[in-house]
Amino acid sequence: MSDRLIIFDTTLRDGEQSPGASMTKDEKIRIAKQLERMRVDVIEAGFAASSNGDFEAIRAIAANVKTSVVCSLARANELDIARAADALKPANRSRIHTFIATSALHMEKKLRMTPEQVYEQARLAVRLARNFTDDVEFSPEDSSRSDMDFLCRVLEAVIDEGANTINIPDTVGYAVPEGYAALIRQLRQRIPNSDRAVFSAHCHDDLGMAVANSLAAVKSGGARQIECAINGLGERAGNAALEEVVMAVKTRRDYFGLEIGIDTTQIVETSQLVSEITGFVVQPNKAVVGANAFAHTSGIHQDGVLKARDTYEIMRAEDVGWSASRIVLGKLSGRNAFRQRLQELGLPLGSESELDTAFVRFKALADRKTTVSDDALLALARECGIVGTHGARSS
């Protein structure tokens, strides 16, 4: 089995399904080019048959992106697949991602098709897609609630027809890590030709487990592609967050043992671009890309980080595109962090008693303001008779 993990980004397709996250063609091109700079393996640019706007955006992205694979989603029917193929014509490397639901609930209530009809449509859709590209992905929608025997039968057939990526979507965010990993592992074990396809995880976050499910699929299930979105955008509660998946695999390489091709220093810039375009603000405590992800306010933590960063930082802020981690002075800060910040501001203290006096004044200020800005710190220093590089030091 390969030790390389494929990162499939669906920000421009599933991410755009977040209510209010619609993007223009030009905005999609900007994001796609940034995803390419980040070295994303596969960019799912949209759903060509859904609208003329999506078709044109996919075509423009296909013409502008040179290194990443450009992908279009398509239902398992002739019209959708032909439309996707047409939109992808300018691409250097293209993929058609076709899907049909396989759970009893979806087949009966939504598709109003028999299992045999779904089986035939899935098989024929992949055969048709292979006429346009050698790179075909198939997804059995709502697979985590599908009958195992039927799922195996469908997937064996589509692999025989030439699908080389098999995506197992947890469409409604129903799965839990152990069960989802077991599902993919069992599929790989039971399907005779499973070794001819890369298995992929596509998880939604309805129960807050999209990233955990995706990583379990890789570690215990044998999946080698994860479908994710910047900032966890996506339908309803969203998808697995690309930044969390990537940094988990990179930071815990000792556990996962996988290589990824992502330039992680582009993560923050990409997150901020997507946030700016969609208007979806990234919560401050969001892992990796949140404003507080590398900020330290506790005095105990600040003291540790000032002595050795790895006491409280498992990854470097610079590795994901932040300039550095931050010490935030406030009511929880300790003496060492206070001293360090004064020195950074060019305000070295002449004696420990001077520091003690200033620190007591600082704590009283912090208790009222919670956090203390540099301007407030400079004003406090002047009140205490301490003037450094911002002015002549008093005697």
Checked ALA57, ALA76, ALA125 against criteria (closer than 28 Å to ARG39 by Cα and either at pLDDT 95 or above or not assigned by TED's automatic domain parsing to the domain that holds LEU12 (or both)); the one match is ALA57
Within segment 253-279, restricting to residues that are part of a loop (DSSP other than H, G, I, E, B) and under 16 Å from the mean Cα position of the chain (by Cα), the one that is farthest from ILE7 (Cα to Cα) is ASP263
* Verdict on ASP170 being buried (at least 21 other Cβ atoms within 10 Å of the Cβ), assigned by TED's automatic domain parsing to the domain that holds LEU105 and of a type in the set (D, E, K, R) -> yes
Every listed condition ((1) closer than 30 Å to ALA91 by Cβ; (2) in contact (Cβ under 8 Å) with a residue 40 or more places away in the chain; (3) not acidic (Asp, Glu)) holds for VAL211 save (2)
Only unsatisfied item for LYS25, checking (1) more than 26 Å from GLU269 (Cα to Cα); (2) charged (D, E, K, R); (3) surrounded by fewer than 20 Cβ atoms within 10 Å (Cβ to Cβ), is (1)
- Query: within 17 Å of ASP41 (Cα to Cα) and of a type outside the set (Phe, Trp, Tyr), is that true of ALA197?
  - Reply: yes
- Task: Using the structure shown, decide if TYR180 is over 16 Å from ARG224 (Cα atoms), out of contact with any His (no Cβ under 8 Å at 6 or more places or on another chain), hydroxyl-bearing (Ser, Thr, Tyr) and assigned by TED's automatic domain parsing to the domain that holds LEU215.
- Result: no
Taking the criterion of being part of a helix (DSSP H, G or I), among the small types (Gly, Ala, Ser) and not assigned by TED's automatic domain parsing to the domain that holds ILE166, would at least one residue in segment 298-315 satisfy it?
yes
inquiry  = If I filter segment 22-34 for residues that are assigned by TED's automatic domain parsing to the domain that holds ALA85 and either part of a strand (DSSP E or B) or at positive phi (or both), do I get at least one hit?
reply    = no
Q | LEU105 being at pLDDT 95 or above, surrounded by fewer than 23 Cβ atoms within 10 Å (Cβ to Cβ) and assigned to a helix (DSSP H, G or I) | A | no
Selection from segment 35-54 of residues in a loop (DSSP other than H, G, I, E, B) and either farther than 18 Å from GLU137 by Cβ or not assigned by TED's automatic domain parsing to the domain that holds ILE100 (or both) yields MET38, ARG39, SER51
Among the residues of segment 215-236, is there at least one that is among the aliphatic types (A, V, I, L, M), in contact with a Pro (Cβ under 7 Å, 6 or more places away or on another chain), crowded, with 21+ Cβ neighbours inside 10 Å and without any contact (Cβ under 8 Å) to a residue 40 or more places away in the chain?
-> yes
Condition first: among the hydroxyl-bearing types (Ser, Thr, Tyr), crowded, with 19+ Cβ neighbours inside 10 Å, within 22 Å of the chain's Cα centre (by Cα) and closer than 26 Å to LEU183 by Cβ. Can you find one or more residues in segment 64-78 that meet it?
no
Within segment 137-158, the count of residues that are touching a Ser or Thr at 6+ places or on another chain (Cβ under 7 Å) and at pLDDT 95 or above comes to 6
When (1) surrounded by 17 or more Cβ atoms within 10 Å (Cβ to Cβ); (2) closer than 17 Å to ALA241 by Cβ; (3) of a type outside the set (Gly, Ala, Ser) are applied to VAL305, the one that fails is (2)
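The values are calculated or read from the model by the stated rules, or taken from the named source; none is laboratory data. Keep in mind that what you see is a predicted model, and the values were worked out from it rather than measured. Note: ideal-geometry Cβ built from the backbone for every residue, glycine included; neighbour counts use all protein chains shown.
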